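Asks: Dropping a structure here in structure tokens format, bear with me for questions.
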Amino acid sequence: ARLVDAPDADHVTLEIDCGKGTYVRALVRDIAEGLSACGHVSDLRRTRVGGFGQENSVTLDMLEEMGYE
């Protein structure tokens with residue numbers, strides 16, 4: 001896990017490179033426990049799956065413009 005941001009004393013943003021089957025919420029729980037703190041996931045975003053990343057993604061608006069429903 002990599003610390004990306006800490007906007008205040010109660011919140012952090014982590015970037016985690018993990019494989020399929022990783023329970024991110026359990027990982028966050030374990031990190032918090034290791035810090036003798038409480039923790040939970042308030043936002044979870046998958047930025048890459050296999051060879052597909054955000055740079056290759058298509059938004060719903062783009063699909064609508066292409067004529068897909």
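The values are calculated or read from the model by the stated rules, or taken from the named source; none is laboratory data. Bear in mind the structure is a predicted one, so any value in this text is a computation, not a measurement. As a convention, Cβ positions derive from the backbone with ideal geometry for all residues, glycine included, and neighbour counts pool all protein chains shown. For accessibility, only protein heavy atoms count, side chains too; no ligands or nucleic acids. Shrake-Rupley method; radii C 1.70, N 1.55, O 1.52, S 1.80 Å.
Asks: Anything in the range 15-45 that is assigned to a helix (DSSP H, G or I) and among the aliphatic types (A, V, I, L, M)? List them, or say none.
Replies: Correct list: Val24, Ala26, Leu27, Val28, Ile31, Ala32.
Asks: Let me ask you something else. Considering each of Val4, Val12, Val58 in turn, give the residue that is among the β-branched types (Val, Ile, Thr), open to solvent by 70 Å² or more (accessible area, probe 1.4 Å) and assigned to a loop (DSSP other than H, G, I, E, B).
Replies: Testing whether each residue is among the β-branched types (Val, Ile, Thr), open to solvent by 70 Å² or more (accessible area, probe 1.4 Å) and assigned to a loop (DSSP other than H, G, I, E, B) leaves just Val58.
Asks: Looking at (1) under 18 Å from Leu3 (Cα atoms); (2) among the aliphatic types (A, V, I, L, M); (3) open to solvent by 80 Å² or more (accessible area, probe 1.4 Å), which one does Ala26 not meet, given that it meets all the others?
Replies: Result: Ala26 passes all but (3).
Asks: So, one more: Name every residue in the range 46-55 that is within 13 Å of the chain's Cα centre (by Cα) and not in a helix (DSSP H, G or I), in order of residue number.
Replies: Matches in the range 46-55: Arg46, Thr47, Arg48, Val49, Gly53.
Asks: So, in the range 29-48, exactly how many residues are surrounded by fewer than 10 Cβ atoms within 10 Å (Cβ to Cβ), of a type in the set (A, V, I, L, M, F, W, C) and without any contact (Cβ under 8 Å) to a residue 12 or more places away in the chain?
Replies: So the answer is 3.
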